[in-house]
Structures are given as structure tokens and as C-alpha cells.
Amino acid sequence: EVASLLSEFSDRFEKLTVTERKIIKLYAENKETSEVAECLFISIHTARKHNANIYRKLNVGSREELVLYLDLFRRCKQLDKLFGEEDPSDSSEV
């Protein structure tokens, strides 16, 4: 059930560090790992280490799986619940 998947993912998301949440937000904005490293002024190695921690904490196997979850939240209009703000991909507001 989708609601159950979203709820479980959201619960795991709460355990992430501030930096890990920033990284996921950048992935929600369709950034690549190299762009994430650049945006956060960290090395690509550090970004990859954060990715490994994120995948472990969220129980996902890859960035692609993480992005699928983010897309599911987006399609269900619940992405803002993860980040506590407006959907980062929603550019309708001017």
C-alpha cells in the first residue's frame, strides 16, 4: 500500500542528519552527485559517504531507488512533508 510505504519512509527520514536532508533535497531538485558535492562545498568522496549513510538509514539500495521514493512523494503531493516546506520542484509560485 502506498500510504504505508510513504509513512515508513517518512519515519526513517526523520532519523537523517541536517546534511543528509540537504543532500536529499538537492536530489529532489534533480541534482547529480557531483552537483550535490559542489553545492555543499564537499568532496565527491564525502558526498558518496553521505549517500551510503542515507541509503542505509532509509533502507534503499541506490540513488535511483531514493529518487523513485521522492517521485512518489511528489506525485502524492507530500514531498513538502519531508522537507517541511513547499515542494522544491514546484515553480508555480512567482
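Since every read-out is calculated from the coordinates, none of them should be taken as a lab result. Since this is a predicted model, take the numbers as computed values, not measurements. Note: ideal-geometry Cβ built from the backbone for every residue, glycine included; neighbour counts use all protein chains shown.
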*Report the calculated FRET efficiency for Tyr55 and Lys77 (r = Cβ-Cβ distance, R0 = 22 Å), to the nearest 0.05.*
0.30
*³J(HN,Hα) across the stretch 51-62 via Karplus (A = 6.51, B = -1.76, C = 1.60, θ = phi - 60°), whole Hz, x for Gly/Pro?*
4, 4, 5, 4, 4, 5, 5, 8, 6, 10, x, 6
*If you stretched the chain out fully between Phe41 and Val67, how much longer would it get, using 0.36 nm times the residue separation minus the C-alpha to C-alpha distance?*
7.2 nm
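Per 0.36 nm of contour for each residue apart, how much would the distance between Thr17 and Glu1 grow if the chain were fully extended, relative to their Cα-Cα spacing?
3.0 nm
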*Which shape class applies to the chain: rounded if a/c is under 1.5, otherwise prolate when a/b exceeds b/c and oblate if not, where a ≥ b ≥ c are the square roots of the Cα gyration tensor eigenvalues?*
oblate
*Which number gives the lysine pairs in the chain that have C-alpha atoms under 13 Å apart and are eight or more places apart or on different chains?*
4
